[in-house]
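Student: The structure's right below; bear with me while I get my questions together.
The values are calculated or read from the model by the stated rules, or taken from the named source; none is laboratory data. Just so it is clear, the model here is predicted, and its values are computed rather than measured. Positions of Cβ are generated from backbone atoms using ideal geometry, with glycine treated the same way; all protein chains shown enter the neighbour counts.
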Amino acid sequence: MVKLLQQYFQRDRGGNSMLGILLFISVMVPVLNLVVPESSVFHVSTYTVTLIGKYLTFALLALAVDLIWGYCGIMSLGHGAFFALGGYAMGMYLMRQIGDRGVYGNPELPDFMVFLNWSELPWYWSGFDMFWFAMLMVIVVPGLLAFVFGWLAFRSRVTGVYLSIITQALTYALMLAFFRNEMGFGGNNGLTDFKDILGYSLQSDFTRASLFAASAIILALAYLLSRYIINSKLGRVVVAIRDAEDRTRFIAYRVEYYKLWLFVVSAILAGMAGALYVPQVGIINPGEFSPLNSIELVIWVAIGGRGTLYGAVAGAVLVNFSKTWFTGILPEGWIFALGALFVVVTIYLPRGLVGIMNRKQAAQT
Amino acid sequence: MSALDKLRQTMRRDQVWNCMMPHYTYEDVLDTRKGPILYLEDVTVSFDGFKALDALTLDINDGELRCIIGANGAGKTTMMDVITGKTRPDEGSVYYGQRIDLLRLSEPEIAALGIGRKFQKPTVFEHHSVLINLELSMRMDKRVWTTLFSKMTGEQRDHIDEVLQIIGLQEEYHNRAGLLSHGQKQWLEIGMLLMQDPRLLLVDEPVAGMTGQETERTAELLTSLAGKHSVVVVEHDMEFVRSIARTVTVLHQGSVLAQGDMDEVQNDPRVREVYLGS
């Protein structure tokens with residue numbers, strides 16, 4: 001047992017250093033942004049803080065996908081939906097915080113509802129003026145959707161590419177629904193024009209730095225949780241399901257419950273990522289449900305290395321960093337670059353970037 | 001059955017709802033006093049009109065080692081699918097002991113009742129070590145939350161060591177199962193079944209692709225298991241069947257053609273005609 005533990009910690013050297021980096025930046029980036037004067041070379045601009053903060057929320061999303069895809073073999077091409085739902089829950093809270101500072105100055109209704117001539121708040125918006133309630137919904141809504149969807153899909157033993165297609169359909173259907181003005185979520189404009197969170201202005205450097213630190217810390221905690229799950233006996237059962245589902249069923253595991261459990265956990269993590277993303281970016285609209293987003297996110301995980309939790313984190317950050325950089329110089333070229341990257345990784349690096357690192361390490365020892 | 005009929009069934013006053021029944025483990029319920037541990041009666045399975053099993057009636061005695069032979073398509077694997085809950089028959093009944101109706105249970109429930117199945121193609125968890133393969137197969141509470149917090153106890157470790165000894169993989173316990181040889185994988189899979197303390201083992205072609213020496217060891221292993229467990233072996237290899245069999249059942253076109261000891265069966269003219277081809 002001790003031997004196994006030791007082996008595990010050695011194996012997760014990548015994960016431990018990632019946790020170290022996260023803790024370090026969660027303190028250092030805010031300090032460099034807030035304390036170090038702007039004239040100094042060490043100053044980190046608020047723009048950069050928000051940008052990296054956004055990458056971290058993507059990393060959390062990638063972690064959620066890796067948990068079910070890398071370890072349980074469930075390739076969800078609809079995880080963007082859970083991310084967006086978490087984002088909408090946070091967006092609804094932020095909308096209610098605007099109060100009478102909107103364009104129409106209505107203290108109760110968000111601007112878009114006034115514009116649509118609605119006279120009162122729909123029932124599903126009630127409670128979202130309270131932060132705790134909104135945060136609860138960030139967990140409950142994606143979790144519940146994942147539960148219902150997963151229950152139906154896994155009980156009917158939908159697997160493989162069929163499951164991927166249904167998840168695509170799920171996120172596509174949600175996108176179409178959220179595009180409708182009648183849904184009461186702001187139609188194609190989505191929710192935006194946020195003013196403050198918990199009484200702090202979203203424009204202030206302090207709030208931005210705090211949101212950044214929160215993203216880093218929550219990512220670290222989510223990593224620890226995922227690592228605990230993967231290293232528990234449950235994690236071993238999940239890998240067993242990935243490798244030989246029938247065998248697992250015939251040694252008396254209720255495979256569908258295990259899949260469902262992990263799927264719900266993963267959806268909740270994705271929802272949390274969305275909730276952290278929205279206040280930093282300042283907008284949430286139905287575009288986040290777009291099937292392409294979900295596919296792109298699977299590519300981040302593949303590039304980082306599926307089946308290693310820190311690989312997913314690294315993949316998300318690297319791909320998004322290159323996206324920012326690439327779209328800066330050649331906006332139209334990005335989609336080709338991403339496609340090429342995916343092809344190269346699938347053919348030459350089946351285990352992603354982490355695979356290269358591991359091979360190098362193995363060569364050294 | 002229409003929804004109304006279902007509701008009527010549910011509301012019947014002469015029986016208790018399933019959810020209200022006290023929870024038994026299989027030792028409490030499994031009743032083999034009359035001999036057989038498994039009864040199949042008039043089981044019929046058809047796929048698009050083709051009858052894979054045609055009114056199959058068969059019983060297996062407690063502690064027996066039974067070999068089942070038959071040409072391809074005789075219904076051997078379908079029979080195992082029916083017993084383990086993978087396929088539901090169109091007609092017939094399957095009882096485990098006298099009281100447990102297997103047709104009402106799902107695959108994991110049947111497995112938890114002590115019916116272990118070895119697949120035709122050796123199926124083990126290739127990314128896990130031999131030790132973990134056995135650990136996962138251990139008979140215990142297998143609900144999700146319990147599994148999340150479960151830790152291996154010393155007693156369980158002893159149980160694993162015992163099984164490692166039986167299947168002769170002590171040296172390999174730390175290796176990844178994917179690295180084992182074909183024969184070793186077959187033994188590991190049998191070991192995984194043994195970890196569940198099964199009463200009935202269904203073994204599908206255990207010696208396919210094995211070397212002569214491995215076949216011999218497998219024969220020893222299976223005969224040593226009989227008595228303590230009931231073992232049903234489906235096999236093509238007549239040499240092997242001869243070496244372990246006491247009773248042999250011949251399946252043909254989904255039903256029993258002949259049954260008896262090896263010599264009786266081999267001398268049966270109908271068997272010679274359809275199976276041995278002479």
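Student: One residue is enough: does the stretch A:182-190 have a residue meeting the conditions over 30 Å from A:Arg242 (Cα atoms) and free of Cβ contacts under 8 Å to residues at least 12 places away in the same chain?
Tutor: Yes, there is a match, as at least one residue in the stretch A:182-190 is over 30 Å from A:Arg242 (Cα atoms) and free of Cβ contacts under 8 Å to residues at least 12 places away in the same chain.
Student: Six or more apart or on different chains, Cβ atoms under 9 Å: show the pairs whose first residue is in the stretch A:327-341 and without any contact (Cβ under 8 Å) to a residue 24 or more places away in the chain and whose second is outside any helix (DSSP H, G or I).
Tutor: A:Ala337/A:Leu330
Student: Residue under question is B:Tyr24, and the condition is that it be aromatic (Phe, Trp, Tyr), under 21 Å from the mean Cα position of the chain (by Cα) and either modelled with pLDDT of 90 or more or within 26 Å of A:Arg249 (Cβ to Cβ) (or both); does it hold?
Tutor: no
Student: Let me ask something else about it. So which of A:Phe154, A:Phe128 is hydrophobic (A, V, I, L, M, F, W, C), within 28 Å of A:Phe263 (Cα to Cα) and assigned to a loop (DSSP other than H, G, I, E, B)?
Tutor: On inspection, the qualifying residue turns out to be A:Phe128.
Student: Taking the stretch A:213-242 as the search range and keeping residues that are within 30 Å of B:Phe119 (Cα to Cα) and without any contact (Cβ under 8 Å) to a residue 40 or more places away in the chain, which one is surrounded by the most Cβ atoms within 10 Å (Cβ to Cβ)?
Tutor: My answer is A:Ala240.
Student: Can B:Gly227 be described as more than 30 Å from A:Arg227 (Cα to Cα), touching a His at 6+ places or on another chain (Cβ under 6 Å) and either among the hydrophobic types (A, V, I, L, M, F, W, C) or more than 14 Å from chain A (Cβ to nearest Cβ) (or both)?
Tutor: Answer is no for this residue.
Student: Of all helices (runs of 4 or more DSSP H) completely enclosed by the stretch B:66-161, which ones contain at least 2 residues that are of a type in the set (S, T, N, Q) and either in contact with a strand residue (DSSP E or B) (Cβ under 6 Å, 6 or more places away or on another chain) or on the phi < 0 side of the Ramachandran plot (or both)?
Tutor: B:76-83, B:130-137, B:144-149
Student: Does B:Thr57 satisfy the condition of being surrounded by fewer than 20 Cβ atoms within 10 Å (Cβ to Cβ), in contact (Cβ under 8 Å) with a residue 24 or more places away in the chain and assigned to a loop (DSSP other than H, G, I, E, B)?
Tutor: no
Student: Give me a count of the residues in the stretch B:167-210 that are β-branched (Val, Ile, Thr), more than 21 Å from B:Ile37 (Cβ to Cβ) and either touching a strand residue (DSSP E or B) at 6+ places or on another chain (Cβ under 6 Å) or within 14 Å of another protein chain (Cβ to nearest Cβ) (or both).
Tutor: 0
Student: Next question. Being in contact with a Pro (Cβ under 7 Å, 6 or more places away or on another chain), surrounded by 20 or more Cβ atoms within 10 Å (Cβ to Cβ) and either among the hydrophobic types (A, V, I, L, M, F, W, C) or at pLDDT 90 or above (or both): is that true of B:Glu189 here?
Tutor: yes
Student: All but one of (1) crowded, with 20+ Cβ neighbours inside 10 Å; (2) more than 8 Å from every other protein chain (Cβ to nearest Cβ); (3) over 22 Å from the mean Cα position of the chain (by Cα) hold for B:Thr147, so report the exception by its number.
Tutor: (2)
Student: Okay, moving on. Kindly evaluate A:Ala362 against the criterion of being within 24 Å of the chain's Cα centre (by Cα) and in a helix (DSSP H, G or I).
Tutor: No: the conditions fail for A:Ala362.
Student: Return the residue satisfying two criteria in turn: it lies in the stretch B:91-108 and is more than 14 Å from every other protein chain (Cβ to nearest Cβ) and among the small types (Gly, Ala, Ser), and of such residues it is surrounded by the most Cβ atoms within 10 Å (Cβ to Cβ).
Tutor: Restricting to residues being more than 14 Å from every other protein chain (Cβ to nearest Cβ) and among the small types (Gly, Ala, Ser), the top hit is B:Gly97.
Student: Only one of these conditions is not met by B:Leu164: (1) out of contact with any Pro (no Cβ under 8 Å at 6 or more places or on another chain); (2) within 13 Å of another protein chain (Cβ to nearest Cβ). Which number is it?
Tutor: B:Leu164 satisfies all of (1) out of contact with any Pro (no Cβ under 8 Å at 6 or more places or on another chain); (2) within 13 Å of another protein chain (Cβ to nearest Cβ) except (2).
Student: Report whether or not A:Ile251 is within 14 Å of another protein chain (Cβ to nearest Cβ) and modelled with pLDDT under 95.
Tutor: yes
Student: Return the residues of the stretch A:26-42 that are surrounded by fewer than 18 Cβ atoms within 10 Å (Cβ to Cβ) and of a type in the set (Val, Ile, Thr); say none if nothing qualifies.
Tutor: Matches in the stretch A:26-42: A:Val27, A:Val31, A:Val35, A:Val36, A:Val41.
Student: Right, here's the next one. Considering only the stretch A:46-99, how many residues are small (Gly, Ala, Ser), surrounded by fewer than 24 Cβ atoms within 10 Å (Cβ to Cβ) and under 23 Å from A:Asp243 (Cα atoms)?
Tutor: Number of matching residues: 1.
Student: Further question on the same structure: Pull up the stretch B:110-129, narrow it to residues that are surrounded by fewer than 21 Cβ atoms within 10 Å (Cβ to Cβ) and more than 8 Å from chain A (Cβ to nearest Cβ), then point me to the one that is farthest from B:Tyr39 (Cα to Cα).
Tutor: Among those residues, the one meeting the criterion is B:Ser129.
Student: When the residues of the stretch B:130-141 are narrowed to those that are out of contact with any helix residue (DSSP H, G or I) (no Cβ under 7 Å at 6 or more places or on another chain) and of a type outside the set (A, V, I, L, M, F, W, C), which ends up nearest to the other protein chains (Cβ to nearest Cβ)?
Tutor: Within the stretch B:130-141, the match that is nearest to the other protein chains (Cβ to nearest Cβ) is B:Arg139.
Student: I need the full set of residues from the stretch A:197-240 which are within 14 Å of chain B (Cβ to nearest Cβ) and not aliphatic (A, V, I, L, M), in order please.
Tutor: A:Ser226, A:Arg227, A:Tyr228, A:Asn231, A:Ser232, A:Lys233, A:Gly235, A:Arg236
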